[in-house]
Each structure stands twice: as structure tokens, then as C-alpha cells.
Amino acid sequence: MSQILTTVDNQVATITLNHPETRNSLSCQMLEEILQAIESFSHDENVRVLVIRAPRGTKVWSSGFNIHELPVSGRDPLSYNDPLECLLRAVARFHSPVIAMIEGSVWGGACDLSFVCDIAIGCPTSSFAITPAKLGVPYNISGIMHFFNIVGPRIAREMFYTAEPISAERAVQVGILNHLVPVEELESFTYAMAGRIADNSPLANRVMKEQLRLLADAYPLRPETFEYVQGLRRMAYDSKDYEEGKRAFLERRKPVFSGK
């Protein structure tokens, strides 16, 4: 059974995360379905805007990466070719603007998904929490840079260290959300903006999107520094804390981390 819904209307494509049984967790199946949908839309010259959303009335936009599918200790949980990383690149490189329409809470890797969208529009039920510290999972360089680009180093540090949710009101203040609107207006506001974008030159928007992406990624990093960071990450995903974080989540208890 498909875990997403797709539509195209008036040059606006929509991907709806639609697996309430797992609170729209980013399982390998859902990630693959979204990737296939984006690939299909990328070949449709009629598509000028893409909206990623959850069903109306949802309490959780996405609960993040499916914890049951985290790899065993000793393997990087966020390597370059993993489905979540492939999806983030696909959204960032999609030929047209992508809008995240956020109703409900956003957790873990789903924060990263919303951050790589070009525009994010939320409502009072929106909140954002990046939670690798609760699981002993080391985040990767590209993901951290997504946070730096959106909220800057200080807010990014707070979000990563505390793993606590940021409310919709604060999210709009720190730049996570472009707009905060009443929940009953969220859909009409989002699609009105999508319509205005679709009315503009698609070629100009595609060129500007690629320019903005390249400029946002223009952070030089020495090979030695990259290897050092990767070594630090290996310490975490080889650790007892990583195994304890996964076990505690699956057993629905608070983890007891040893720092080893």
C-alpha cells in the first residue's frame, strides 16, 4: 500500500505524506516513494512548484526517520547513499521551488526535510525537534549545514544539544518558518503562494533556485577537517550509547547513556 499521495493541479504538484500508522515516519518505503514522485515531477514541464505536506488535521507532520530501520552499530546511519540523504538532495536539486506546508510536529530527519525545502509555511500546531542526541546518533556534516543555513550556529546548537521542540511562534522568529498562519488558513495561504510562484517565469525561478543552492553550499572544508569530523562521527555510531539509544526508544523508556 502506498504511503504517499500525489496530485498536480494548475502547475502545482503535491506530495502528501500519508502513513498515519507510523505518524508519517520516513521509512525506506516512504522515502523511495517520495523519490520516485520527485523524479516523475522533474520530467513534467507543467510542474512549476512542489508542495510537501501531511493530511489536513494531522498532529504529526512526520515523526522522522524510522528508528526500526537504523543500521546496527558500526555502520554510518546517515551515509551518502542512504535513502534519506538521497531524498534531501533530490528536494534541494528539484528544478522548481519546493514549499513545505507544516501542520503538526516535525521530528528528527523530517526537520532536515523541511529545512531543505525552499519555503516553509506553518500553523500554531507546528513544532520542530532534532533528536539524534536522544538516540546516540551522530548527525552528518550536510545535515548540520542545513541547520546552520536556516537558523545559524547558536539556535542549531541549542536544537541539537537539547533535542527539545521549538514552537511555531519561535520557529517563525528564528527563520525556520517563512509564515505562521491560522490552521484554517494554512492550505489556502500555501496554495495561493504556490499559484503566485507558478505565474512567474519558470526558467527564471529554476535558474535562481540553482544559484541559491550553490551559494548556500559554498562552504570550503579541508580534506583533513572532513576526515576528522567523520572520525568523530564513527566514535558515536560505534558506541554503546548508540545501541542503548535504539533499545530505549523501542522499549519506550528513557535511555541511560554511559558516554562510551
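Legend: residues 191, 242, sorted from most to least accessible area (1.4 Å probe; ligands, DNA and RNA excluded), read 191, 242. Candidates 139, 216, 14 compared by Cα position along the dipole of the chain: farthest toward the positive end lies 139, with charges placed on Cβ. In the chain, helical runs assigned H by DSSP with n ≥ 4 each contribute -39500 (n - 2.57); averaged across all residues and rounded to the nearest 500, the mean residue ellipticity at 222 nm is -14500 deg cm²/dmol. Summed over the residues of the chain and divided among them, the accessible surface reaches 50 Å² per residue at a probe radius of 1.4 Å. Taking all protein chains as they are arranged and a probe of 1.4 Å, the heavy atoms of residue 240 leave approximately 140 Å² accessible to solvent. Here the peptides 180-190, 203-213 are ranked by packing, the mean other Cβ count within 10 Å, and the order with the highest first is 180-190, 203-213. When only C-alpha pairs under 8 Å and at least 6 residues apart count, what is the relative contact order of the chain, in percent? Normalised by residue count, the contact order of the chain is 19 percent.
Taking max minus min of the alpha-carbon positions on each principal axis, the range 73-223 gives extents of 48, 33, 26 Å, largest first. Which percent of the accessible heavy-atom area of the range 134-212 goes to carbon and sulfur, probe 1.4 angstrom? Carbon plus sulfur share of accessible area: 59 percent.
Counting Cα-Cα pairs of the chain in 10 Å increments starting at 0 gives whole-percent bin shares of 7, 30, 37, 20, 5, 0.
The values are calculated or read from the model by the stated rules, or taken from the named source; none is laboratory data. Since this is a predicted model, take the numbers as computed values, not measurements. Counting neighbours? That spans all protein chains shown, and the Cβs are built from the backbone with ideal geometry, glycine included. Surface areas here come from the heavy atoms of the whole protein model, side chains and all, with no ligands, DNA or RNA. Shrake-Rupley method; radii C 1.70, N 1.55, O 1.52, S 1.80 Å.
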